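Every number in this text was worked out from the coordinates using simple rules, so none of it is lab data. No experiment lies behind these values; they were computed from the predicted model shown. Cβ sites come from the backbone with ideal geometry, for glycine too, and all protein chains shown count toward neighbours.
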């Protein structure tokens, strides 16, 4: 007996799950490359004694929550990958500016040179991850 193609409603959960996975993989690959290789010296020098070991449960919780926000707002909220990138850029700006400006305002010795770099990185990172997530979502949805 021939297998029937999945219906639109059956593809939706799969498309969302694959979009979330693609968003997560993109986000992690780019963020780990940027923070761990490309800009490592800059962050090490800027943070100095403020820099500690990564707390994996906290990092995991951040990435899970951030991917959920990217998918809900930028991937599912956009008509196409270009719109998703713009929505991702806006979300990245708000999220990273909130983090940086809060730290700058309350953490003694927070390095001001981190503020524009981290906000800029958040904009670029989130835009790219949202665009990839939307592209995957749309490809799976159209099958």
Stokes-Einstein diffusion coefficient of the range 11-141, Kirkwood radius over Cα pairs, 37 °C, 0.692 mPa s, in µm²/s: 215
I need 96, 63 ordered by Cβ neighbour count within 10 Å, fewest first. 63, 96
Considering the Cα trace of the range 34-80, what is its radius of gyration and what is Dmax, both in angstroms? 15.1, 45
Cβ-based exposure ranking for 123, 67, in which fewest neighbours within 10 Å come first: 123, 67
Given a Förster distance of 41 Å, the FRET efficiency implied by the Cβ-Cβ spacing of residue 97 and residue 141, rounded to the nearest 0.05, works out to 0.80
